[in-house]
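First up is the structure itself, then whatever we jot down about it.
The values are calculated or read from the model by the stated rules, or taken from the named source; none is laboratory data. Just so you know, these numbers come straight off a predicted model, no measurement behind them. Every residue, glycine as well, gets a Cβ built from its backbone with ideal geometry; the counts of neighbours run over all protein chains shown. Note: areas computed on protein heavy atoms with side chains; ligands, DNA, RNA excluded. Shrake-Rupley method; radii C 1.70, N 1.55, O 1.52, S 1.80 Å.
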Amino acid sequence: WNIYANLSTLKNEIKKLNNGDIIHDYGKFSGIVRKGEKLGSFYGYKIEGIFKTTADVNLKRTDGTPYQAGDYKMQDLNGDGYIDKTDKQVIGSPIPDFYGGFGTNLNYKGLELSIHFAYSYGNDVYNLFKQQLSSMSDLSVPVAAAKDRWISEQHPGNGNLPRAAYNDPSGNFNCSDKWVEDGSYLKMKTLSLSYNIPLKKRSGFLKGLKLFANCNNLFTVTG
């Protein structure tokens, strides 16, 4: 009976950039290379809630027009009352704090059972699929999202999704921590059961016979 486990860590930090930040945009997702941060960090706005009524609105867009009731309230980093690119910040990283695997092998009279698990902790994932689906920019809209989003001051929804607006003039679906999720997981990678069929004697090219069943990725526990 064998039991094994391993754990790995990865320390990652940008030490020097001769020409300052490097920002990459991929559709509605943005990543940044910045001194002092981890490589591949997510870059966007932080969401603090939704303006439920017109009276709640206390921020303006880059063009100077006020946000509307039903828009996301984004964190105003410099406190100038405007939301623009200076309010973007690091909102996540795909690099885990630690990761690895563990498992066991059990042998008994030609019968072998093998189980292997893999895990990762502390890594973020950016759910671009959920971001696109929730924006109501096409017909692929989940019914629950459309029903429970902000509709009016009398029907503010569950506070999860903002108002629906053609072409998203308020940038509610720009890159933000709203779509950053905890990517930590525990996965059962393999389950294998095998049996070495005993042979009384070797016959020509036949030197052994093994019967086995193997399953991959049986389940994943994750948020």
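Annotations
- Residue that is farthest from residue 128 (Cα to Cα), among those in segment 16-51 that are buried (at least 18 other Cβ atoms within 10 Å of the Cβ) and among the polar types (S, T, N, Q): 41
- Test: residue in segment 194-214 that is touching a strand residue (DSSP E or B) at 6+ places or on another chain (Cβ under 6 Å), open to solvent by less than 50 Å² (accessible area, probe 1.4 Å) and either farther than 28 Å from residue 44 by Cα or part of a helix (DSSP H, G or I) (or both): yes
- The set of residues in segment 96-105 being surrounded by fewer than 17 Cβ atoms within 10 Å (Cβ to Cβ) and under 26 Å from residue 29 (Cα atoms) consists of 97, 98.
- Strands (runs of 3 or more DSSP E) enclosed by segment 1-110 - at least 3 residues per element that are closer than 15 Å to residue 174 by Cα and either without any contact (Cβ under 8 Å) to a residue 60 or more places away in the chain or more than 29 Å from the chain's Cα centre (by Cα) (or both): 22-26
- Some residue of segment 106-123 being in contact with a helix residue (DSSP H, G or I) (Cβ under 9 Å, 6 or more places away or on another chain), exposed (fewer than 14 other Cβ atoms within 10 Å of the Cβ) and of a type in the set (S, T, N, Q): no
- Note on segment 55-83: residues that are acidic (Asp, Glu) and surrounded by fewer than 16 Cβ atoms within 10 Å (Cβ to Cβ) total 3.
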